[in-house]
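Engineer: Can you keep this structure in mind? I'll have questions shortly.
The values are calculated or read from the model by the stated rules, or taken from the named source; none is laboratory data. As the structure is a prediction and not an experimental result, all values here were calculated from the model. Cβ: placed from backbone, ideal geometry, glycine included. Neighbour counts: every protein chain shown.
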């Protein structure tokens with residue numbers, strides 16, 4: 001029987017409902033914003049003033065260069081009458097616009113990536129010179145907010161390419177390295193080259209043999225790839241490197257020996273991570289999830305996309321002695337398939353924060369071994385979160401912080 005792996009995530013959605021107010025019977029006619037375009041041979045200020053007095057239009061702007069005309073708040077009846085004026089080209093209802101500014105997801109903020117001198121998060125699209133393999137459902141190969149290394153793409157699963165038909169791998173990739181380009185979101189190590197290694201199908205599942213294919217590919221490129229992210233897991237326990245009792249473990253042992261740092265998800269079963277692989281392996285960095293709804297310590301923030309308690313271990317997260325570090329994993333916004341964005345939860349979402357942190361460290365410490373990278377992340381971490389609330393194992397692992405990386 002083939003053992004299977006699944007992506008470690010929870011999805012969440014936020015629905016906002018509202019009620020409409022009823023206007024009193026004697027209320028004044030409602031007004032709406034309109035833009036009035038005038039013919040070139042008339043004086044905009046004069047016509048605007050005339051219309052204001054004659055039709056009760058509340059003037060906002062007068063235009064004299066880009067177009068001739070004005071804007072005003074007025075009733076629909078006034079707009080119809082103004083449209084009949086021979087000096088008027090068109091009366092157009094006003095609309096709304098909003099900023100397309102880049103957002104800093106709560107997890108990036110909580111890990112202090114915006115303070116990292118290597119990340120240099122300032123909107124200037126400076127890119128961290130590092131390569132990270134995402135062993136997952138693939139990656140949206142042409143997502144505008146990701147630096148996907150197309151030559152590094154590998155498909156070990158179904159389909160014909162490493163393109164992401166699920167969304168999970170693209171979400172992971174954005175947390176690791178979404179571009180610092182003033183739009184969308186920003187990642188931990190902005191602009192890191194993402195190697196898409198597809199080992200899970202569109203349903204987010206696969207086999208150990210598929211995953212080993214991905215690890216094998218990454219190991220073949222150990223002279224190019226610094227970090228690998230595995231936000232996936234299945235049932236299993238630890239073994240000793242060289243015992244040849246677990247093929248996936250042996251593959252990771254050899255890959256780590258080749259110099260690649262692995263960040264892996266602890267899992268979402270509210271269980272001891274020792275019962276899940278690759279989380280149980282000592283050679284990787286196993287990541288549990290923190291519930292954080294505002295990117296700040298202190299607790300008390302209201303829940304957003306799913307129910308949990310702010311600033312505590314996520315109520316779904318695995319735990320135990322095999323967990324090496326914690327990172328935000330609840331209601332994380334990141335990139336998604338189809339060039340989009342999505343907010344989901346899971347230790348899958350916590351793990352790429354750590355992979356991104358490892359990437360920042362390797363960018364300035366290229367000769368550091370995986371064990372040194374793990375130690376550096378743990379040393380730099382904090383315990384500035386609510387504990388032992390919700391944590392069943394009595395171990396307060398460090399919370400990721402990359403402000404000094």
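Engineer: From the list 143, 68, which one is touching a residue at least 24 places away in the same chain (Cβ under 8 Å), under 30 Å from residue 289 (Cα atoms), crowded, with 20+ Cβ neighbours inside 10 Å and touching a strand residue (DSSP E or B) at 6+ places or on another chain (Cβ under 8 Å)?
Structural biologist: 143
Engineer: May I ask you to list the residues in the range 41-92 that are within 20 Å of residue 30 (Cα to Cα) and part of a loop (DSSP other than H, G, I, E, B)?
Structural biologist: Once the filter is applied, which keeps residues that are within 20 Å of residue 30 (Cα to Cα) and part of a loop (DSSP other than H, G, I, E, B), the range 41-92 yields 56, 57, 75.
Engineer: When the residues of the range 101-122 are narrowed to those that are more than 29 Å from residue 162 (Cα to Cα) and modelled with pLDDT under 95, which ends up nearest to the chain's Cα centre (by Cα)?
Structural biologist: Among those residues, the one meeting the criterion is 101.
Engineer: Taking only pairs six or more apart or across chains, which ones have beta-carbon atoms under 7 Å, a first residue in the range 286-309 that is surrounded by fewer than 24 Cβ atoms within 10 Å (Cβ to Cβ), and a second residue that is at pLDDT below 95 and not in a loop (DSSP other than H, G, I, E, B)?
Structural biologist: Listed pairs, sorted by first residue: 306/10.
Engineer: Moving on. Is it the case, given these coordinates, that residue 298 is in the same structural domain as residue 189 (by TED's automatic domain parsing), assigned to a loop (DSSP other than H, G, I, E, B) and modelled with pLDDT under 95?
Structural biologist: Judged against the criteria, residue 298 is a match.
Engineer: Does at least one position in the range 231-238 carry a residue that is more than 21 Å from the chain's Cα centre (by Cα) and part of a strand (DSSP E or B)?
Structural biologist: yes
Engineer: Further, regarding this structure: Can you name every residue in the range 324-356 that is within 19 Å of residue 135 (Cβ to Cβ) and assigned to a loop (DSSP other than H, G, I, E, B)?
Structural biologist: 324, 329, 346
Engineer: Please find, among 359, 321, 376, 368, the residue that is crowded, with 24+ Cβ neighbours inside 10 Å, in contact with a helix residue (DSSP H, G or I) (Cβ under 9 Å, 6 or more places away or on another chain) and either assigned to a helix (DSSP H, G or I) or in the same structural domain as residue 258 (by TED's automatic domain parsing) (or both).
Structural biologist: Criteria check complete, one pass: 359.
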